[in-house]
Amino acid sequence: MPTPFESGHAPVNGIEMYYEVHGPSGGVPLVLLHGGGSTIGVTWSKVLPLFAQSRRVIAVEEQGHGRTTDRDAPVGFESSADDVAALLRHLDVAQADVFGFSNGAQVALHVAVRHPALVRKLVFASAMTKKAGAYPWVWEFMQNADFSNMPQPLKDAFLEVNPDPQKLRTMHDKDAARMQNFQDAPDDLVRAVAAPTLVIAGDRDIVRPEHAVELSQLIPEARLLVLPGGHGDYLGEAIMTPEGSRYFEVTARLVEDFLGKA
């Protein structure tokens, strides 16, 4: 990961939200929202430097994740969306492109619906808006989620930036509860996304390709991109990506083409 030219904690909605700013100043920034149980580095270490070559990039960590503090409340897609919006206002960002992966994509969707004036374009990657959009084994795994079977690399990444094992445990338990209590988003909510949207899925993702197609048809101004790979390896995600893969370079170029000039 490159060294950000700005980083810190912003007081938003009762938490101290960690953020990093990379790349040149000016233009419409790109906001990156990581996956569940992750940190900025886990999801974005490969593609962030590519995006930051030509645009300002703001990467954040969700409630209770990594360097962001927690609150006495569950972690929710809607509340996290409000946190992102509050952070952007704190940073005096009037409008941004928002790229979310996995749980981060669901947060990004709610930013676009709840705070439409803030979102110029949306990238919705490897996520579902209804339980039927993922394979049954995903929900079976989530129902059996336990701290003992949390991937060790995710534990290590958290402890590297926040060496408090109790906070790691709390983050895991809240993330697991969020998915165990997952509720379908109404189609009308998905149709309410006004921002031009790029729906991304891997051809061997946890999300059914048919669901990605459905989302691309529900969102009024949506395009669809299906890439070779599983859950996040097309991004260079630290846990999933095979060593030596360069798919993330292709992904970054295609996303930049969709976003256009900053």
(request) May I ask you to list the residues in segment 220-262 that are touching a helix residue (DSSP H, G or I) at 6+ places or on another chain (Cβ under 9 Å) and of a type in the set (Phe, Trp, Tyr)? (result) Tyr234, Tyr247, Phe248
(message) For the condition in contact with a helix residue (DSSP H, G or I) (Cβ under 6 Å, 6 or more places away or on another chain), under 21 Å from Ala10 (Cβ atoms), touching a residue at least 24 places away in the same chain (Cβ under 8 Å) and open to solvent by 30 Å² or more (accessible area, probe 1.4 Å), what is the one hit in Arg71, Arg67, Arg56?
(response) Arg67
(request) Test Gly244 against the stated conditions and say whether it is without any contact (Cβ under 8 Å) to a residue 40 or more places away in the chain and open to solvent by less than 60 Å² (accessible area, probe 1.4 Å). (result) no
(message) Filter segment 148-190 down to the residues that are farther than 19 Å from Phe124 by Cα and in a loop (DSSP other than H, G, I, E, B) and list them by number.
(response) Met150, Pro151, Asn162, Pro163, Asp164, Asn181
(request) For segment 223-241, name all the residues that are touching a strand residue (DSSP E or B) at 6+ places or on another chain (Cβ under 8 Å) and surrounded by 15 or more Cβ atoms within 10 Å (Cβ to Cβ). (result) Leu224, Leu225, Val226, Leu227, Gly229, Gly230, His231, Gly232, Asp233, Tyr234, Leu235, Glu237
(request) Considering only segment 92-112, state which residues are within 20 Å of Gly35 (Cβ to Cβ) and either over 8 Å from the mean Cα position of the chain (by Cα) or among the basic types (Lys, Arg) (or both). (result) Ala96, Asp97, Val98, Leu109, His110, Val111, Ala112
(request) Please work out which one of (1) at pLDDT 95 or above; (2) surrounded by 17 or more Cβ atoms within 10 Å (Cβ to Cβ); (3) in contact with a Lys or Arg (Cβ under 9 Å, 6 or more places away or on another chain); (4) part of a loop (DSSP other than H, G, I, E, B) is the condition Val193 fails and give its number. (result) (3)
(message) Just to verify a result, which residue in segment 6-27, among those that are in contact with a strand residue (DSSP E or B) (Cβ under 8 Å, 6 or more places away or on another chain), of a type in the set (Gly, Ala, Ser) and surrounded by fewer than 17 Cβ atoms within 10 Å (Cβ to Cβ), is nearest to Gly41 (Cα to Cα)?
(response) Ser7
(request) From (1) surrounded by fewer than 23 Cβ atoms within 10 Å (Cβ to Cβ); (2) under 16 Å from the mean Cα position of the chain (by Cα), pick out the condition that doesn't hold for Gly35. (result) (1)
(request) Mind telling me which of the residues His115, His110 ends up being open to solvent by 10 Å² or more (accessible area, probe 1.4 Å), touching an Asp or Glu at 6+ places or on another chain (Cβ under 9 Å), within 17 Å of Leu30 (Cβ to Cβ) and of a type outside the set (Ser, Thr, Tyr)? (result) His115
(message) From the list Ile206, Ile239, Ile200, exactly one residue is farther than 14 Å from Ala105 by Cα and either in contact (Cβ under 8 Å) with a residue 12 or more places away in the chain or not basic (Lys, Arg) (or both). Which is it?
(response) Ile239
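The values are calculated or read from the model by the stated rules, or taken from the named source; none is laboratory data. If you're wondering where the values come from, they're calculated on a predicted model, not measured in any experiment. As a convention, Cβ positions derive from the backbone with ideal geometry for all residues, glycine included, and neighbour counts pool all protein chains shown. Ligands, DNA and RNA are stripped out before the accessible areas are found, and what is left, the full protein with its side chains, is counted by its heavy atoms. Shrake-Rupley method; radii C 1.70, N 1.55, O 1.52, S 1.80 Å.
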